[in-house]
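Reviewing the structure listed below.
The values are calculated or read from the model by the stated rules, or taken from the named source; none is laboratory data. Here the structure is a predicted model, which means the values were calculated and not measured. With ideal geometry, Cβ positions are generated from the backbone for all residues, glycine too; neighbour counts draw on all protein chains shown. Quick note on the areas: whole protein, heavy atoms, side chains included, nothing else; ligands and nucleic acids left out. Shrake-Rupley method; radii C 1.70, N 1.55, O 1.52, S 1.80 Å.
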Amino acid sequence: MKAPIHVAVTGAAGQIGYSLLFRIASGHLLGPDQPVVLRLIEIEPGMKALEGVVMELQDCAFPLLKGIVPTCDLNEGFDQASWALLVGSVPRKAGMERKDLLGINGKIFTSQGKAIQENAASDIRTLVVGNPCNTNCLIAMNNALDIPKERWFAMTRLDENRAKSQLAIKAGVDVDSVKNLAIWGNHSSTMYPNYFDATIDGNSVPSVITDEAWFTEDFIPTVQQRGAAIIKARGLSSAASAANAAIDTVRSITTPTASDDCFSVAIHSNGEYGIEKGLIYSYPMKSDGQKLSIVEGLEINAFSSEKIKATEAELSEEKSMVSDLLP
Ligand code: NAD
Ligand code: LMR
């Protein structure tokens, strides 16, 4: 039996938490033979609801779940954690952009970054889900400078999954026929789902879907506005699909990527593809199971270039909005 891995989840009593924790405990995050300890972090008003979630986790009798630590103390919450999934934060309401949350949510990530640095295991990796996730990740990372920058991630996988589904529906194929679709930039309405490098059954997407107007008038706006569409329909932001994307992200980071595929996650940019160094920017990524690399050498056409610059500009603007939270 392997030693348990400690996974910290903030916002554990929230909507995403409710879809996420049971999958972590049943082995979907780290594998069917990997025991886990769940460290569940909430703010004080969420602790009562968290008690109920803990009871339900116990009532599932998951063989891999070796311990549950519910807490509103960040030091206790991040203690020994090898993965930190930072979900806890306020979701937007209809009519808001995600960056409108920066004033409310940004400061959460200063103290969480510090607590992760002080308490987590030496192999800690952090995935930020709480919005606006790229810039919240930037804040946490900059408040934990002893942790290597390549261990910080913000989630754009939900956008990738959304984009793949839209392409599959349009082409009339199964979703797993769609590969190599990467989201560039921010998890926001400027994100760019780059369909030029994507494939359907091994053929380039524009050669399969020849309706050019559909990409600009339908596909890109649908993916960019999907979060808002869900809020409008449900009255609440996406939760089960967000939890699923968090699981997918960690699986993609920790398992080798197929040679004909890539995945999307926002990482610390070192200036790749001309993007401003220091931003948390989503790129096409590959993993060898241990280390990640950005897919190199892609040809960026004029259309894509404009899009990847627009989303970079928004991230740069968000960075300047939180300069007081970056030491
Ligand atoms: P929710 O309101 O249902 O739950 C949030 C939980 O976080 C609550 O239980 C709350 O008590 C807790 N919380 C708030 N501040 C906290 C803090 N400082 N420390 C610990 N816990 C804290 O919201 P939700 O639907 O679970 O969404 C959570 C976040 O995820 C939102 O910001 C939402 O916009 C974001 N989100 C991101 C993506 C993505 O693709 N990146 C997708 C969906 C949602
Ligand atoms: C999403 O993409 O569904 C989330 O980021 C929630 C939101 O505010 O859109």
**Study point:** In the range 81-99, the residues that are aliphatic (A, V, I, L, M) and farther than 9 Å from Ala228 by Cα
**Key:** Ala81, Ala84, Leu85, Leu86, Val87, Val90
Review point. Counting only residues that are in a helix (DSSP H, G or I) and away from ligand 1 (no atom under 11 Å from the Cβ), which one in the range 229-247 is nearest to Phe303 (Cα to Cα)?
Key: Ala229
Point to revise | Cross-chain or 6+ apart pairs with Cβ under 6 Å, the range 219-247 first and farther than 19 Å from Tyr195 by Cα, then among the β-branched types (Val, Ile, Thr) and within 10 Å of ligand 1 (Cβ to nearest atom) | key: Ser237/Ile231; Ser238/Ile230; Ala239/Ile16; Ala242/Ile16; Ala243/Ile16; Ala246/Val129
Practice item. For the range 105-115, indicate whether the set of residues that are in contact with a Phe, Trp or Tyr (Cβ under 6 Å, 6 or more places away or on another chain) and either more than 26 Å from Lys149 (Cβ to Cβ) or in contact (Cβ under 8 Å) with a residue 12 or more places away in the chain (or both) is non-empty. Key: yes
Review point. Hey, does the range 200-209 have a residue that's surrounded by 20 or more Cβ atoms within 10 Å (Cβ to Cβ) and outside any helix (DSSP H, G or I)?
Key: yes
Practice item. Would you point out which residue out of Leu85, Leu102 is part of a helix (DSSP H, G or I), touching a residue at least 12 places away in the same chain (Cβ under 8 Å) and closer than 28 Å to Ile253 by Cβ? Key: Leu102
Review point. Among (1) more than 14 Å from ligand 1 (Cβ to nearest atom); (2) open to solvent by less than 50 Å² (accessible area, probe 1.4 Å), where does Ala310 come up short?
Key: (2)
Check your understanding: Does any residue of the range 220-242 turn out to be away from ligand 2 (no atom under 16 Å from the Cβ) and loosely packed, with under 14 Cβ neighbours inside 10 Å?
Key -> no
Review point. Which members of the range 78-96 meet the condition of being modelled with pLDDT under 95 and away from ligand 1 (no atom under 11 Å from the Cβ)?
Key: Ala94, Gly95
Check your understanding: Before we move on, is Lys48 modelled with pLDDT of 95 or more, more than 13 Å from ligand 1 (Cβ to nearest atom), open to solvent by 80 Å² or more (accessible area, probe 1.4 Å) and at negative phi?
Key -> no
Practice item. Tell me, please, whether a residue that is within 18 Å of the chain's Cα centre (by Cα) and either of a type in the set (Lys, Arg) or part of a helix (DSSP H, G or I) (or both) can be found in the range 280-300. Key: yes
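Condition check ((1) surrounded by 24 or more Cβ atoms within 10 Å (Cβ to Cβ); (2) within 14 Å of ligand 2 (Cβ to nearest atom)) across all residues:
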residue: Gln117; (1), (2): no, no
residue: Ala121; (1), (2): no, no
residue: Cys137; (1), (2): yes, yes
residue: Met141; (1), (2): yes, no
residue: Glu150; (1), (2): no, no
residue: Ser165; (1), (2): no, yes
residue: Ser177; (1), (2): no, no
residue: Trp184; (1), (2): yes, no
residue: Met191; (1), (2): yes, yes
Review point. Are any residues in the range 65-96 small (Gly, Ala, Ser) and within 16 Å of ligand 2 (Cβ to nearest atom), and if so, which ones?
Key: Gly88, Ser89, Ala94, Gly95
**Study point:** Tyr273, sole failed condition from (1) surrounded by fewer than 21 Cβ atoms within 10 Å (Cβ to Cβ); (2) in contact with a Cys (Cβ under 7 Å, 6 or more places away or on another chain)
**Key:** (2)
**Study point:** The listed residue being out of contact with any strand residue (DSSP E or B) (no Cβ under 9 Å at 6 or more places or on another chain) and assigned to a helix (DSSP H, G or I), out of Ser305, Ser252
**Key:** Ser305
Revision key, fill the gap. Screening Glu42, Glu76 for residues that are more than 23 Å from the chain's Cα centre (by Cα) and farther than 24 Å from Thr311 by Cβ leaves only Glu76
